[in-house]
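The values are calculated or read from the model by the stated rules, or taken from the named source; none is laboratory data. The model shown is predicted, which means the values in this text are computed figures rather than measured ones. Cβ: placed from backbone, ideal geometry, glycine included. Neighbour counts: every protein chain shown.
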Amino acid sequence: MKRLLSLAAVVALCAPVFVNAQQKNSTEAVVRAANDFLATLSAEQKQKVMYAFDDATQRARWSNFPTGFVARGGISLKQMTVPQQQAAMKLMGTVLSPMGLEKVNEIRQADDDFKANGSKRGPGGGGPRPQGPPPGGQGGPPPQFAGRGPGGAGGPGGAGGGPPGGDMFGSDLYYISFLGTPSATQPWMLQFGGHHLALNITIAGSQGVLTPTLTGAQPALFKLNGKRVRPVGRESDKALALLQALDESQRKQAVLSYQVADLVLGPGQDGKKIAPEGLKGSKMNEQQQALLLDVIAEWSGILTEPYAAARMTQMKADLKETYFAWSGPTNTEAGTNITAYYRIQGPHLVIEYAPQSDEPGNHVHTMYRDPTNDYGSALVKP
Amino acid sequence: MKTKLAACTAAVLLVCSIPAWAHRIDEYLQATILSLEPNQVQASMRLIPGVMVAPSVIATIDDNHDGSFSENEKRAYADQVLADLSLSIDGQAVKPQLDSWDIPDASHLRDGLGEIHLEYHVDLPPGTAVNRTLVLANRHLSGSSVYLVNVEVPQDRTLHVVDQKRNPRQSVYELDYQQVGTATESSGRWPRTRAWWDGLQLSSLFHLGMRHIAEGTDHLLFLLVLLLPAPLLAVGPRWAAPATVRQSLLHILGIVTAFTIGHSLTLTLAAMNFVHVPSRPVEVLIAVSILVSAVHALRPIFPGKEAWIAAFFGLIHGLAFASTLNRLGMSRWDRVAGILSFNLGIETMQLLVVALVLPSLLVMSRTSAYAAFRIAGAVFACIASAMWIAERLFRVQTHVDTVVNLIAQRGLMCSGILFAASGIALLLFARRSEEGVKS
């Protein structure tokens, strides 16, 4: 009897240790894809993409800026052969959901469009400026810098503002790097990014974490082969749908009385937890809460399963403590992007959507963070 | 007419030469994040000039117009920014104290890439106010600037943000917050001593100590496992008869005290930098200490010497506590007081935990179900510590932390269940306890 009892107790206490074992499939597939990619690299390339897991400098080496100005680590798609590029994108396709991969590719396409067409904002074009006319009397035409023409060196403008040489824009200027060795048991990181993109993916056993991640686009609305593309368009549409589903008193709490000119917790602001503002999830009805989760899903769903589902479970659990705050115009034409800033903040979440003042409806930066778990800090003992 | 045309051309040229990647063009972004502490408010300011305002910002910094920033010019600019701020606390004007400034080269700013970083703090006027109001107004280059002001969620649990108000531009910011549970006694005679004392943030260190035990599950597990056989007497190679309540209590008191003495000693020595031990072997040894005490709970290997073992391993656990204090970067003498309150926090939490499980252990040890419970607990601790050892020694990944944390997070509930279980055990097995002793 006594032995039986103790045996049962031991089994009960230890069972959870082994349950986790089933979830490894996804991580193993990611590790395989990562190793397949690494196997295509030359020794020299490999040395360039691999960093120590605890390399804090490389970890934080990301930005919204083009890579010509803020150099990233690792190697770019441009520096790869075609099979290497394919293996790299296969890896991205394995670690990201189809939605996430599409978003990444559309952000890259936006950079191609920018390279070819520059900023299209002509006189009177673009959205209304939130700040009024620029001070100093410069009321003239806004920037028309067309990047580098295909095959042409030296854009207009030339001296002064030009890049210090090298390429500025294009879908191949996206860099891949690894911190630590891809492993199904040991923690490691995969980074992929360039202009308007910084994916920081930490994999620790069966868990995958996307925070901190920056997405964005300029143009945020363009045509490719006759099709309209909005790389971060659903982020705009879904948030607006939530705002419009709020009743008047809720909206009063959600809409802030002041302007928010940019990301509060952008690049370099790791681990900061600001006091939340806006409308609390506990004051939303079920339908509104579902809409809020739907907005969050645009970021939490970038990673593949089961990482995305685990994150969603956490988001659902935090929902009542999650705030939604909005600043700026509360409407926009269908099919275009909002020109307002919004923030979603919960115990394990900060999402910011920040239109940039040079072209509010066509230039967006977004930030996705977990102040308690940026770079998987909660999973990995330092 | 001609001059107008020339001016226009110049403006167009200027505009055309602006690189399009410059996201901020004609604004000077000034973003502030405040952090509240019991006795001061710290502010971290980022100033980012857009390419069109950069020339005027550069001209403001570069006083002698030689194209580069000297150290004096940088410092003078930082002072100027602070002079353009107005800060008040509870209606009383306070002066910001510059802590650090980091100003990139002029060329960086000109390209729209540079970020200026300033850190400053204000000391709070001593007061007994519970509700405090801080107002921050920023007039620096207000013609071309946009502002962001936010406050971090206070680390100190006595501080609570109540409300934030801003004007539409965020150039005026009002923060209402509550400060509860701080020392409210006036100590006007020793303002300096008090400022020093308060500056140590003893209460937050006390909380840190408590959290360290509550979250440092390996320390807790060691202590709990060591307590498992404490209500029993060893007879030969086995655990047998329950000791009397008085014996058990004395025994437990001895173990906890010995552990405290042990870790206080090394915590003090290490925190004062008298000894330095790398953290990995310490972490491994802590896992070993759990294994040893778990084996002891199964079969007495050092009966009657638990207090010595507790003291010995306490020495090791103290080294781990010290690494937490080390990371806080206090000066050596501030540490003395810091260690004291940190240690008090550890003791308090420890005593709370002992107080929670002790009644259950004592009750259950009078029943025959205790053997099953003791063995189950010890085996669990064996497995957990073996996994910890593997993790820390060979850097492999296991799920032990997840599981142990899962239990620890529900500590109150678990101890409740334990108490209920001990009650049930008393009802069901009490009569048979005599037989249990004999068998």
**Asked** Hey, among the residues in the range A:235-250 that are touching a strand residue (DSSP E or B) at 6+ places or on another chain (Cβ under 8 Å) and part of a helix (DSSP H, G or I), which one's surrounded by the fewest Cβ atoms within 10 Å (Cβ to Cβ)?
**Response** A:Gln250
**Item:** Qualifying positions in the range B:132-148 - under 21 Å from B:Ile61 (Cα atoms) and either hydroxyl-bearing (Ser, Thr, Tyr) or outside the structural domain of B:Arg46 (by TED's automatic domain parsing) (or both)
**Value:** B:Ser142, B:Ser144, B:Ser145, B:Tyr147
**Asked** Looking at the range B:79-90, is at least one residue part of a loop (DSSP other than H, G, I, E, B), touching a helix residue (DSSP H, G or I) at 6+ places or on another chain (Cβ under 8 Å) and not aliphatic (A, V, I, L, M)?
**Response** no
**Prompt:** Name the residues in the range B:358-381 that are of a type outside the set (Gly, Ala, Ser) and surrounded by fewer than 21 Cβ atoms within 10 Å (Cβ to Cβ), would you?
**Reply:** B:Leu358, B:Pro359, B:Leu362, B:Val363, B:Arg366, B:Val379
**Request:** Select, from B:Gln155, B:Gln164, the only residue that is closer than 17 Å to A:Ile274 by Cβ, within 14 Å of chain A (Cβ to nearest Cβ) and not in a strand (DSSP E or B).
**Result:** B:Gln155
**Message:** Can you say whether B:Ser365 is at pLDDT below 85, within 14 Å of chain A (Cβ to nearest Cβ) and more than 30 Å from B:Val282 (Cβ to Cβ), as far as the supplied structure shows?
**Reply:** no
**Message:** Checking the condition within 12 Å of chain B (Cβ to nearest Cβ) and hydrophobic (A, V, I, L, M, F, W, C), which residue from A:Ala254, A:Ala204, A:Ala239, A:Ala245 passes?
**Reply:** A:Ala204
**Request:** Would you point out the residue of the range B:394-415, among those that are in a helix (DSSP H, G or I) and of a type in the set (Ser, Thr, Tyr), that is farthest from the chain's Cα centre (by Cα)?
**Result:** B:Ser415
**Prompt:** Listed residues A:Pro219, A:Pro231, A:Pro276; which is closer than 21 Å to A:Pro347 by Cβ and buried (at least 18 other Cβ atoms within 10 Å of the Cβ)?
**Reply:** A:Pro276
**Prompt:** Which of (1) in contact (Cβ under 8 Å) with a residue 24 or more places away in the chain; (2) more than 21 Å from B:Val282 (Cβ to Cβ) does B:Ile383 not meet, given it meets every other one?
**Reply:** (1)
**Message:** Show me the helices (runs of 4 or more DSSP H) found entirely inside the range A:23-86 where at least 1 residues are touching a strand residue (DSSP E or B) at 6+ places or on another chain (Cβ under 6 Å) and among the hydrophobic types (A, V, I, L, M, F, W, C).
**Reply:** A:43-49
**Fill in**
Filtering the range B:29-67 for residues that are within 12 Å of another protein chain (Cβ to nearest Cβ), farther than 25 Å from A:Gln269 by Cα and touching a residue at least 60 places away in the same chain (Cβ under 8 Å) leaves a count of 1
**Qualifying positions in the range A:168-192 - within 14 Å of chain B (Cβ to nearest Cβ) and part of a loop (DSSP other than H, G, I, E, B)** = A:Met168, A:Phe169, A:Gly170, A:Leu173, A:Gly180, A:Thr181, A:Pro182, A:Ser183, A:Ala184, A:Thr185, A:Gln186, A:Pro187
**Asked** Out of all the residues in the range B:128-152, which are in contact with a Gly (Cβ under 8 Å, 6 or more places away or on another chain) and more than 10 Å from chain A (Cβ to nearest Cβ)?
**Response** B:Thr133
**Request:** Would you mind finding the one in B:Ala83, B:Ala93 that is more than 14 Å from chain A (Cβ to nearest Cβ), farther than 24 Å from B:Ala54 by Cα, free of Cβ contacts under 8 Å to residues at least 24 places away in the same chain and over 25 Å from the mean Cα position of the chain (by Cα)?
**Result:** B:Ala93
**Yes/no for B:Ser88 being closer than 25 Å to A:Leu256 by Cβ, of a type in the set (S, T, N, Q) and surrounded by 14 or more Cβ atoms within 10 Å (Cβ to Cβ)** = yes
**Fill in**
When (1) buried (at least 18 other Cβ atoms within 10 Å of the Cβ); (2) outside any loop (DSSP other than H, G, I, E, B); (3) within 14 Å of chain A (Cβ to nearest Cβ) are applied to B:His117, the one that fails is (1)
**Request:** Report, by residue number, each residue of the range A:293-332 that is in contact with a Phe, Trp or Tyr (Cβ under 6 Å, 6 or more places away or on another chain) and outside any strand (DSSP E or B).
**Result:** A:Trp299, A:Gly328
**Request:** Those residues that are of a type in the set (Gly, Ala, Ser) and touching a Ser or Thr at 6+ places or on another chain (Cβ under 9 Å), I need them from the range B:111-126; list them, please.
**Result:** B:Gly114
**Asked** Can we say A:Lys272 is modelled with pLDDT under 95 and in a strand (DSSP E or B)?
**Response** no
**Candidate set from the range B:96-113 (those that are under 19 Å from B:Asn72 (Cβ atoms) and part of a loop (DSSP other than H, G, I, E, B)); member that is farthest from the other protein chains (Cβ to nearest Cβ)** = B:Ile103
**Asked** In the set B:Gly304, B:Gly254, which member is surrounded by fewer than 20 Cβ atoms within 10 Å (Cβ to Cβ), in the same structural domain as B:Ala230 (by TED's automatic domain parsing) and either of a type in the set (A, V, I, L, M) or at positive phi (or both)?
**Response** B:Gly304
**Prompt:** When B:Leu223 is evaluated against the numbered criteria (1) part of a helix (DSSP H, G or I); (2) in the same structural domain as B:Val404 (by TED's automatic domain parsing); (3) at pLDDT below 80, which criterion, by number, is the only one it fails?
**Reply:** (3)
